[in-house]
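K.L.:
Below: one structure in structure tokens.
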Amino acid sequence: VSDVKYERFLLNGIPHASLPRLKAGDRVRLRIVNGASSTYFWLRYSGGKILVVASDGKDVVAVDEDRLFFAVSVSFDVFLSVP
């Protein structure tokens, strides 16, 4: 949902990052931040539900979601299970 085209998306400020080796059944905690100035994102995970445990750095009652809506400068801490 954007009227701005970006050349790339960054992971920890780096366009190409090496990720740890994960195997089926592993759970990963991620902090996902929308650092854009005008772009909103819908996020889905094809591996199943997204367990949200924090919003903007504050712990929340954990909730499973099918998708998340990221407004500008919003962050979510989530747990994902590797299929």
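K.L.:
Could you tell me which numbered condition W42 fails, if it satisfies all but one of (1) assigned to a loop (DSSP other than H, G, I, E, B); (2) loosely packed, with under 15 Cβ neighbours inside 10 Å?
P.N.:
All conditions pass for W42, except number (1).
K.L.:
State whether one or more residues within the stretch 47-61 are modelled with pLDDT under 90, open to solvent by 60 Å² or more (accessible area, probe 1.4 Å) and either small (G, A, S) or not in a strand (DSSP E or B) (or both).
P.N.:
The answer is no, given that none of the residues of the stretch 47-61 is modelled with pLDDT under 90, open to solvent by 60 Å² or more (accessible area, probe 1.4 Å) and either small (G, A, S) or not in a strand (DSSP E or B) (or both).
K.L.:
Looking at F79, is it open to solvent by less than 50 Å² (accessible area, probe 1.4 Å), on the phi < 0 side of the Ramachandran plot, aromatic (F, W, Y) and within 14 Å of the chain's Cα centre (by Cα)? Spell out the reasoning first.
P.N.:
Details: open to solvent by less than 50 Å² (accessible area, probe 1.4 Å): no; on the phi < 0 side of the Ramachandran plot: yes; aromatic (F, W, Y): yes; within 14 Å of the chain's Cα centre (by Cα): yes.
Here the answer is no, as F79 does not meet what is asked.
K.L.:
Picking from L30, L68, which residue would you name as being within 19 Å of L11 (Cα to Cα), of a type outside the set (K, R) and in contact with a Leu (Cβ under 6 Å, 6 or more places away or on another chain)?
P.N.:
Values: L30 fails: in contact with a Leu (Cβ under 6 Å, 6 or more places away or on another chain).
Just one listed residue meets the conditions, L68.
K.L.:
Out of the stretch 28-79, which residues are in contact (Cβ under 8 Å) with a residue 40 or more places away in the chain and among the aromatic types (F, W, Y)?
P.N.:
F41, W42, F76, F79
The values are calculated or read from the model by the stated rules, or taken from the named source; none is laboratory data. In this text the structure is predicted, and so the values were computed from the model without any measurement. Virtual Cβ from ideal backbone geometry, glycine too; neighbours counted across all protein chains shown. Just so you know, the surface numbers come from the protein's heavy atoms only, side chains and all, with ligands and any DNA or RNA stripped out. Shrake-Rupley method; radii C 1.70, N 1.55, O 1.52, S 1.80 Å.
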